[in-house]
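Structure record follows, encoded as structure tokens.
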Amino acid sequence: MPKIVQNQDPIETKDIPGNTMIEMIKVSRTYAPDIKALSDISFTVDTGELFFLIGRSGAGKTTLLKLICNMDTPSKGLIEVAGHNINNLKGKKLAHLRQKIGVAYQDFKLLSDRTVAENIAISMEVSYKKPRAIRQRVRDLLEQLQLTDKHDALTGDLSRGEQQRIALARSVANSPRLILVDEPTGNLDAATTERVMDLLTRCNKAGATIVIATHDASIYQKGNHRVMELRNGKIHSLSRNSR
Amino acid sequence: MNFWFAVFRQAGRNLRQTWTSQFMTFLTVSLSVLIFAFFYLIYTNMIGAGDRLSDDLRLIVYLEDDPGPEMQEQLRRKINNFDKTESIQFISKSDAYERFAEQLGEDSDVLTDMPRDFLPASIEVVPLKSLRGYNQIKLFSEYLATLPGSEKVQYGQEWVERFYYFTRLITIVVLLSGTLLILTATFMVAYTIRLTIMGRHEELELLKLVGATNNYIRTPFLLEGTLQGLMGSIIGLSALYILFQWISLHFTGPGLINLFHFTFFPPMVIVSIILGSIGLCTIGSFTSIQKFLKI
Ligand SMILES: Nc1ncnc2c1ncn2[C@@H]1O[C@H](COP(=O)(O)OP(=O)(O)OP(=O)(O)O)[C@@H](O)[C@H]1O
Ligand SMILES: [Mg+2]
């Protein structure tokens with residue numbers, strides 16, 4: 001009888017195009033005392049999709065992304081990522097799932113006393129990539145984002161636009177299957193925005209599912225993808241862009 | 001990149017960031033090990049000396065008169081009634097005289113004018129090895145004093161008593177310094193690791209977010225605790241050994257030290273102290289990191 005091998009990687013098991021990557025059913029998040037950041041959110045993101053999340057400031061975009069990557073827990077409702085109820089995952093399984101999710105946070109979460117290279121490397125280090133591979137990947141990413149000369153600079157000394165790109169580089173460095181990007185172009189000029197979007201598009205072509213939260217109409221109005229608009233924590237519209 | 005490479009890199013970063021408090025902890029652990037081991041060394045040597053001395057322990061019952069053979073048999077039975085003994089030897093007045101003369105050696109002529117029965121007869125009782133507690137000896141001697149015809153019982157009471165109380169005192173000091181060692185090793189290490197954790201809180205939180213396993217986060221800190229314990233105990237014990245050598249070098253010759261046959265710890269005890277110290281320090285760091293991981 002063949003032995004059934006337990007897959008170490010929770011996300012890999014259901015990571016097939018056409019499958020569901022993110023599933024939210026009737027999810028609400030209420031902050032004390034009575035702030036309804038999200039109410040009754042239900043939607044699905046397919047594996048390999050490029051998905052946009054838009055809405056005014058305070059609409060609940062960041063809250064939604066935090067729920068998907070298990071930084072925060074919903075007050076009500078069910079969230080599944082790659083077929084796993086993410087709020088039931090613990091310990092090693094949660095860690096392995098998180099290694100497969102890259103997040104570029106709105107507040108960057110960079111280590112200001114570490115160099116750019118060290119910051120980008122951290123996501124690869126925790127999944128035990130080889131030091132040589134890490135160095136190579138860091139150099140590639142910096143080149144794509146036009147930050148080659150910042151390799152050894154401390155991230156605390158960089159401009160916000162530069163920090164934003166470092167945060168993005170870190171989120172994609174480990175080639176995650178799911179990439180959550182919160183406001184990737186807020187501090188960037190048009191040309192740099194283009195480069196950032198190129199990088200994300202390339203990751204998407206390579207098979208990664210990407211969710212981008214943004215105000216920036218210039219990035220979600222091009223191309224054929226779904227856009228979900230939040231208003232006051234509710235889904236206002238969910239439609240496919242086709243331009 | 002394998003796990004241990006990551007662990008050592010992380011431990012190195014910790015060390016670089018907080019080396020002053022790490023060094024203070026290391027000193028504290030060394031000092032506690034030194035203090036504890038110092039008293040423990042005295043304790044083991046006391047016990048050793050006590051064993052050697054009690055090998056020579058005998059109770060002497062001075063009698064009013066030489067007992068006849070029948071009386072000797074009765075006394076022997078009486079003594080063995082209380083407790084079994086290693087040996088019971090009767091010494092008559094003339095035996096005592098001869099022993100004394102022998103001890104005097106060349107000066108024995110001072111005895112020429114003395115009557116041969118001027119020394120009292122006695123019984124030498126060597127108690128069983130098992131009967132070596134201070135209280136037991138005391139009870140036994142009290143019993144022997146009630147024997148018919150006994151005048152006085154001697155066994156170097158004062159000396160035994162002092163030795164006994166000193167051993168008690170040292171036992172207490174060993175227990176206290178042992179507690180001190182446990183407290184300092186565990187809490188100092190826990191405290192410095194807490195400091196390190198707080199200083200790198202941001203990074204550790206981020207590590208969790210990018211999917212570092214608990215072992216990835218925990219092991220460098222455990223390793224740090226283990227190293228503190230290992231280094232601290234080795235340095236503490238080495239310091240004690242140097243002190244020990246110095247004392248034996250400067251206090252040789254006739255004196256107390258020779259009587260005590262001062263010896264250092266056997267290897268087993270050294271290994272135990274090192275392992276104990278490692279264990280305590282690792283527990284200290286474990287509690288700190290565990291608190292962080294639970295949040
Ligand atoms: N930890 C919190 N405690 C209390 N209220 C919160 C918390 N986090 C978010 N909120 C509230 O929830 C609502 C949604 O916040 P969220 O950060 O998700 O908005 P956003 O769409 O990301 O806005 P922006 O475009 O400005 O980033 C806001 O009203 C915010 O004040
Ligand atoms: Mg936001």
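General remarks:
- Subset of A:K130/A:K222; A:K109/A:K234; A:K76/A:K109; A:K66/A:K150; A:K130/A:K234; A:K61/A:K130 violating a 32 Å alpha-carbon distance limit: A:K130/A:K222; A:K130/A:K234; A:K61/A:K130
- Hits among lysines - C-alpha to C-alpha of A:K92 under 16 Å, sequence gap 8 or more where chains match: A:K100, B:K208, B:K294
- For the protein assembly as shown, the fraction of alpha-carbon pairs in successive 10 Å shells from zero, as %: 3, 14, 17, 14, 10, 8, 7, 7, 6, 6, 4, 2, 1, 0
- Probing with 1.4 Å while keeping every protein chain in the model, the per residue accessible area of segment A:107-243 equals 46 Å².
- Segment A:104-139 and segment A:161-181: distance between their alpha carbon centers, rounded to Å: 10
- Check: the protein assembly as shown dipole with +1 on Lys, Arg Cβ and -1 on Asp, Glu Cβ, in debye: 4480
- Accessible surface buried at the B:A interface totals approximately 1800 Å², computed with a 1.4 Å probe on protein heavy atoms.
- Pairwise Lys count, segment B:58-154 - Cα closer than 18 Å, eight or more residues apart or different chains: 7
- Per residue, segment B:58-154 exposes an accessible area of 62 Å² to a 1.4 Å probe, with every protein chain left in place.
- Of all accessible heavy-atom area on chain B, the percent that carbon and sulfur account for (1.4 Å): 64
- Shielding of A:68-76 by partner chains, average beta-carbon count, 10 Å: 1
- Centroid-to-centroid, using Cα positions, segment A:188-223 and segment A:28-73 are 19 Å apart.
- When a 1.4 Å probe is rolled over the protein heavy atoms, the share of accessible surface on segment A:181-222 that falls to carbon and sulfur comes to 50 percent.
- Straight-line reach from B:K291: taking Cα to Cα under 15 Å and skipping same-chain neighbours fewer than 8 places apart, the aspartates and glutamates in range are B:E205.
- Distance between the C-alpha centres of segment B:70-85 and segment B:138-165: 17 Å, rounded to the whole angstrom.
- GNM on chain B, alpha-carbon springs under 10 angstrom: the most fluctuating residue among B:N14, B:N80, B:N45 is B:N80.
- Contact residues in segment B:170-219 (at least 20 Å² less accessible area with all protein chains than alone, 1.4 Å probe): B:E202, B:E203, B:L206, B:L207, B:K208, B:L209, B:V210, B:G211, B:T213, B:Y216.
The values are calculated or read from the model by the stated rules, or taken from the named source; none is laboratory data. None of these values were measured; they are calculated from a predicted model. Because the Cβ atoms are built from the backbone with ideal geometry, glycine has one as well, and the counts that use them run over all protein chains shown. Ligands, DNA and RNA are stripped out before the accessible areas are found, and what is left, the full protein with its side chains, is counted by its heavy atoms. Shrake-Rupley method; radii C 1.70, N 1.55, O 1.52, S 1.80 Å.
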